[in-house]
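**Q** Let me begin by handing over the structure; questions about it come next.
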Amino acid sequence: MIQSMTGFGKHVIQLPSKKITVELKSLNSKNLDLNARMPSAYREKELELRKLIASSLVRGKVDFGLYIENTGDSTSAQVNEVTVKQYMEQLKSIADGDALRLLEMALRLPDAMKTDKEDIDEEEYNSIKEALLEALKEINKFRSEEGNVLETDFKLRLETLSTLLQEVVKMDPERQGTIRERLEKAVADLTVEVDANRFEQELIYYLEKYDITEEKVRLNNHLEYFTKTLNSSDSNGKKLGFICQEIGREINTIGSKANYAPMQQIVVQMKDELEKIKEQMLNVL
């Protein structure tokens, strides 16, 4: 069963005074490319959260967002009364003004507000991890559903490739006969006498050079191996990509050896189907 690298997961947990939201988005990438956005106060836990994400998602361009919203009455920011009073006295000595106006000006000046750095509560952090694990479940479910769509498409295209290969197999004897006739006619048109035994030897050598028996067998084996890997319990996009390369190599060799227009037309169709598989393969985990 394969998985796509495209996915989205989100989970929200409401605490008595805070709302925790975790979002995960992923796209295809050769390796794990993780971008984390979170409040600076929670950066000390970033490495551990990254490890959780990496162990679950493995590959892909992943955007991780942690959002903390205070929903209670408490706040970590407080007015620095001593500093604000000093500012107001200094401002009053410079210019007259009512107290409210001086207060507004003082609050805009540096250090008028003080923020105490809060240590992350263990219970809160456990809630963050819980939200992340739930978001990971959601994104993996999304990836599996996308993977099912890709798998269905791959199987249809593999079936098409197998059908085209059978056409090549059926056509091969006709192709060899046509090549033989073409060569015999070319020799018959010569004005010089040709040794029949030597010609037969050269003809056999020429036909062997354009023989595609091995390519047909190997291509069939690669298609079966692709299907077997596709049906395995693990999603291995890189392995499937390597098999695609081998399939492409055999198709190209058949095309170069064909020397027969009807077969080359089939090869073009095979290349087209394989190219579509390769495009979708970029998104397989």
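We did not get these values from a lab; they are worked out from the coordinates using the rules stated. This is a predicted model, so every value here is computed, not measured. Positions of Cβ are generated from backbone atoms using ideal geometry, with glycine treated the same way; all protein chains shown enter the neighbour counts.
**Q** In the structure displayed, which of Lys137/Lys238; Lys137/Lys271; Lys19/Lys141 lie more than 26 Å apart, Cα to Cα?
**A** Over 26 Å Cα-Cα: Lys137/Lys271.
**Q** Does the range 145-281 come out rounded, prolate or oblate by the C-alpha gyration tensor, with a ≥ b ≥ c the root eigenvalues, rounded set by a/c under 1.5 and, if not, prolate when a/b is larger than b/c and oblate if not?
**A** Prolate shape, in that a/c is at least 1.5 and a/b is the bigger ratio.
**Q** May I ask for the longest run of the chain untouched by trypsin sites (Lys or Arg not before Pro) that are loop-located per DSSP and have at most 16 neighbouring C-beta atoms (other than their own) within 10 Å?
**A** 118-285
**Q** Can you tell me how the chain classifies by the Cα gyration tensor, rounded, prolate or oblate, using a/c under 1.5 as the rounded cut?
**A** prolate
**Q** How high is the relative contact order of the range 145-281, given as a whole-number percent (alpha carbon pairs under 8 Å, six or more residues apart)?
**A** 37
**Q** Between 0 and 90 degrees, rounded to the nearest ten: what's the tilt of helix 196-209 against the longest Cα principal axis of the chain?
**A** 10
**Q** Let me ask another. Mind checking which of Glu134, Glu48, Glu246 has the largest fluctuation in a GNM of the chain, springs on alpha carbons under 10 Å?
**A** Glu48
**Q** For the Cα atoms of the chain, what angle does the longest principal axis make with the long axis of helix 213-230, in degrees from 0 to 90, nearest 10?
**A** Between helix and principal axis, roughly 30 degrees.
**Q** Counting alpha carbon pairs within less than 8 Å and at least 6 residues apart, what relative contact order, in whole percent, applies to the chain?
**A** For the chain, the relative contact order is 26 percent.
**Q** May I pose another question? Which angle between 0 and 90 degrees, to the nearest 10, do you get for helix 81-94 versus the longest principal axis of the chain when only C-alpha atoms count?
**A** Approximately 70 degrees, to the nearest ten.
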